[in-house]
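To keep things clear, I will list the structure first and then write my remarks on it.
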Amino acid sequence: MMTKKKKPKPKYNLTDPPQYEIWWMDAIANAEWFRPNQIEEWVEDIANPIKQVGYVLRKDNDCVVFASRIHADKDDNIFSIGGLQWIPKAWIVKMIEIKE
């Protein structure tokens, strides 16, 4: 029986990650009690994508690993990354690379 080889995950781009504007939907929960006629209004109020600008450290078929902050020295050597997010690919609405 042949076993399927796992495709290796792409490595993280930690030397010169591209900057992107990304729109993504988030899972939102509400523990309040609602009347049936209030549900649609609640959904309409929250069902808007989040717009964010930052750095794509890795992109594959499953997810995007995103950072909102990069701390580099005067020679652009990255030594600290902040605001890390793992966003499932299915939640992403749009991505636009920001070219300098």
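Rule-based calculations on the coordinates, nothing more; no lab input. What you see is a predicted model, and the numbers here were worked out from it, not measured in a lab. Counting neighbours? That spans all protein chains shown, and the Cβs are built from the backbone with ideal geometry, glycine included.
Remarks
- Candidate set from the stretch 27-85 (those that are in a strand (DSSP E or B) and among the β-branched types (V, I, T)); member that is farthest from P10 (Cα to Cα): I50
- Residues within the stretch 62-94 that are under 30 Å from N30 (Cα atoms) and surrounded by fewer than 17 Cβ atoms within 10 Å (Cβ to Cβ), tallied: 14
- Flag for F34 being farther than 21 Å from W24 by Cβ and touching an Asp or Glu at 6+ places or on another chain (Cβ under 7 Å): no
- Looking at Q52, Q19, just one residue is polar (S, T, N, Q), under 14 Å from W86 (Cα atoms), surrounded by 11 or more Cβ atoms within 10 Å (Cβ to Cβ) and under 22 Å from the mean Cα position of the chain (by Cα), and that residue is Q52.
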